[in-house]
């Protein structure tokens, strides 16, 4: 099974159409909604954890793109700016998924984008503001 | 200082440094050396132990002299990027403090405030060479007639820029938890309710004052790594308090000694002075400091080999006990070994820990300082007067 977290951005003109349910119906994919910002006539955003076969996943993503949605891996929207990070560790107690963690040997703060659920708590908990999240 | 089997002087060690023969190790490396060879042998072999710390340190700031404008102004009020600096020093001098918040910041009116920019960030921007908007107001005198002055400057336009931090490098500090039912936003970071996390802020075994617990080599004139340049200990820090409970190894079991530091801001780098924003609390400045500990004798070798497992601090409740003031009630004593392991056990509960102090950068500082001394680019500064200690007051 293949599991991946993706960010789906809806253009304003299709935000009122039912689309993602087709991932389940037509492509046999399971998804878990981690975050959603959907308003009428405005660009919408969905963060999904999608699970299925790799082939179905790729076909599903292709379908979404054909419908005019933008699809990106979550790791593209959440970044640890290593120019700014001082590796203090103030973020690690808040990260609910353990995506941000301290490496015991190097004592560096590491970020595992695959574990991130896009909650954005780290953004303001980081004193040098090194976590950059673009989920608007 | 009699009764030591090894005795070295500052002058002897400095001679070795000049000849490129000094043996220098970091405080981490020293632990193993003393464990393996004993303190006497370690003192014979090792000349200097380097330490490091990199943490948000309030009670930091810089004196700036911006020269005279034409016409001249007696700057009574001064702003740098809309952050107010204290202008009541002299006509063209001001002091920018690390915790001053930019004017117009909503503060905590939208709780918790984000505090994006303040004095700490101004200092970081200055050392980075970024353009800063300087604004000053005066009331006009016969010799200083101008009332307003505004100019975009960089640190190169300043006649003088001196980092002068009244209290740095705290020897030990509280571990903070929150026993209340709501999340709180403190200078110790965000603390989740019902002891959801425990925050601490020292570099433990690498921290300067843990490696010389009775301040036998640290005092006024000690040359140090400060913000990436060579600086000095200027005085004992504010709130310096040697009279606290100590372990058998002499290490205080709670906040104790502090130092005031001074150095040329123009020589410093933004890698080691970083502005900090604390959600719901305010702004501060991460300061990088490293102090070389001369191994004058086996006693100093022993001190400089202290390890996290033997350094303890107290856990306090920042939800109710700390804010109300007065005597704090320790919820328990934990070692830095436990704190650095990722969790502590308190009242039967396992609590995840998070540092505010960067051990990674502290280690880098100890290595940079080691490198400077090995190259002969950094000589030990013999203190003119040691920090007051419980020993010296007897």
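Hey, can you tell me all the residues within the stretch A:105-114 that are at pLDDT 90 or above and at negative phi?
Step one: filter the stretch A:105-114 for residues at pLDDT 90 or above, giving A:105-112.
Matches in the stretch A:105-114: A:105, A:106, A:108, A:109, A:110, A:111, A:112.
Would you confirm, using the coordinates I've provided, whether residue B:275 is within 14 Å of chain A (Cβ to nearest Cβ) and part of a strand (DSSP E or B)? Lay out the reasoning, then the answer.
Values: within 14 Å of chain A (Cβ to nearest Cβ): yes; part of a strand (DSSP E or B): yes.
Judged against the criteria, residue B:275 is a match.
Of the residues that sit in the stretch A:93-102 and are touching a helix residue (DSSP H, G or I) at 6+ places or on another chain (Cβ under 9 Å) and within 9 Å of chain B (Cβ to nearest Cβ), which one is nearest to residue B:206 (Cα to Cα)? In this case the residue turns out to be A:102.
Quick check on the stretch A:121-133. Is at least one of its residues at pLDDT 90 or above and closer than 30 Å to residue A:18 by Cβ? Steps first, please.
Going residue by residue through the stretch A:121-133, those that are at pLDDT 90 or above are A:122-123, A:126-132.
From what's left, closer than 30 Å to residue A:18 by Cβ: none.
Scanning the stretch A:121-133 turns up no residue that is at pLDDT 90 or above and closer than 30 Å to residue A:18 by Cβ.
Here residue A:86 meets each of (1) over 30 Å from residue B:204 (Cβ atoms); (2) at pLDDT 90 or above with one exception, condition (1).
Rundown of residues vs (1) exposed (fewer than 12 other Cβ atoms within 10 Å of the Cβ); (2) in a helix (DSSP H, G or I), yes/no style:
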site	(1), (2)
A:4	no, no
A:8	no, no
A:19	no, no
A:33	yes, no
A:36	no, no
A:40	yes, no
A:55	yes, yes
A:60	no, yes
A:72	no, no
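Can you pull out every residue in the stretch B:354-373 that is more than 9 Å from residue B:52 (Cα to Cα), touching a helix residue (DSSP H, G or I) at 6+ places or on another chain (Cβ under 8 Å) and at the interface with another protein chain (Cβ under 7 Å from one of its Cβ atoms)? B:355, the sole residue that qualifies.
Only one residue in A:85, A:119 is closer than 29 Å to residue B:119 by Cβ and either outside the structural domain of residue A:33 (by TED's automatic domain parsing) or out of contact with any helix residue (DSSP H, G or I) (no Cβ under 8 Å at 6 or more places or on another chain) (or both). Which one? Let's see the steps before the verdict.
Working: A:119 fails: closer than 29 Å to residue B:119 by Cβ.
From the options A:85, A:119, the qualifying one is A:85.
For residue B:58, the criteria (1) more than 14 Å from chain A (Cβ to nearest Cβ); (2) surrounded by 18 or more Cβ atoms within 10 Å (Cβ to Cβ) hold in every case but one, which is (1).
Each row is one residue, and each column tells you yes or no for (1) touching a strand residue (DSSP E or B) at 6+ places or on another chain (Cβ under 8 Å); (2) farther than 30 Å from residue B:275 by Cβ.
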{"residue": "B:7", "(1), (2)": "no, yes"}
{"residue": "B:15", "(1), (2)": "no, yes"}
{"residue": "B:22", "(1), (2)": "yes, yes"}
{"residue": "B:33", "(1), (2)": "yes, yes"}
{"residue": "B:49", "(1), (2)": "yes, yes"}
{"residue": "B:55", "(1), (2)": "yes, no"}
{"residue": "B:69", "(1), (2)": "yes, no"}
{"residue": "B:72", "(1), (2)": "yes, yes"}
{"residue": "B:88", "(1), (2)": "no, no"}
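The values are calculated or read from the model by the stated rules, or taken from the named source; none is laboratory data. Treat the numbers as computed from the prediction; the structure is a model and nothing was measured. Note that we place each Cβ from the backbone using ideal geometry, even for glycine, and neighbour counts take in every protein chain shown.
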